[in-house]
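Chemist: Starting off with a structure, shown below.
The values are calculated or read from the model by the stated rules, or taken from the named source; none is laboratory data. Source: prediction; values computed, not measured. Cβ atoms come from the backbone with ideal geometry, glycine included; neighbour counts cover every protein chain shown. Remember, those area values only see protein heavy atoms, side chains included, never the ligands or the DNA or RNA. Shrake-Rupley method; radii C 1.70, N 1.55, O 1.52, S 1.80 Å.
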Amino acid sequence: QVQLVESGGGLVQAGGSLRLSCAASERAFRSYVMGWFRQAPGKEREFVAAISWSGGSTDYADSVKGRFTISSDNAKNTVYLQMNSLTPEDTAVYYCAGRSSTMRKVAGAYDYWGQGTQVTVSS
């Protein structure tokens, strides 16, 4: 069973930075597409960024382009989300997810999910 474990969330002031990590339990997961989603209270879970682990292709939501960077470390089976210039609107629970096919921006297309990590940005 594939497991995803996120870490790195916390409380930060507006304008600050955080780096989230997502560790996958299996080497086979390297062939998957990995995504980051977030969900704020009372809102739908929304796409943030995705990366094709084997090829390195990336995609971002318009709201985070230029501020967030997704990357992967194959040796560590880990995907990262570097978040800069954070605003209170970025406050949410951030989830790591994986799927075995092409890159998608829809949460329902992903098969595996982590438990989530809280990111809170104060003004």
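Chemist: Condition first: open to solvent by 40 Å² or more (accessible area, probe 1.4 Å), farther than 20 Å from residue 11 by Cα and in a strand (DSSP E or B). Now tell me which residues in the stretch 63-84 satisfy that.
Modeler: 71, 72, 73, listed by residue number.
Chemist: Would you mention how many residues in the stretch 29-81 are under 16 Å from residue 101 (Cα atoms), without any contact (Cβ under 8 Å) to a residue 24 or more places away in the chain and within 13 Å of the chain's Cα centre (by Cα)?
Modeler: Matching residues across the stretch 29-81 total 1.
Chemist: To continue, here is another question. Residue 87 passes all but one of (1) touching a residue at least 24 places away in the same chain (Cβ under 8 Å); (2) surrounded by 14 or more Cβ atoms within 10 Å (Cβ to Cβ); which number fails?
Modeler: Looking at each condition in turn, residue 87 falls short on (2).
Chemist: Within the stretch 8-47, considering only strands (runs of 3 or more DSSP E) that don't extend past its boundaries, which have at least 1 residues that are touching a Cys at 6+ places or on another chain (Cβ under 9 Å) and either at pLDDT 95 or above or not aliphatic (A, V, I, L, M) (or both)?
Modeler: By residue number, 18-24, 33-39.
Chemist: I've got another one for you. Can you work out which of the residues in the stretch 48-62 that are of a type in the set (Gly, Ala, Ser) and in a loop (DSSP other than H, G, I, E, B) is most open to solvent (accessible area, probe 1.4 Å)?
Modeler: 54
Chemist: Okay, moving on. Among (1) more than 15 Å from residue 118 (Cβ to Cβ); (2) surrounded by fewer than 17 Cβ atoms within 10 Å (Cβ to Cβ), there is one condition residue 32 misses while meeting the rest; what is its number?
Modeler: Status for residue 32: all satisfied but (2).
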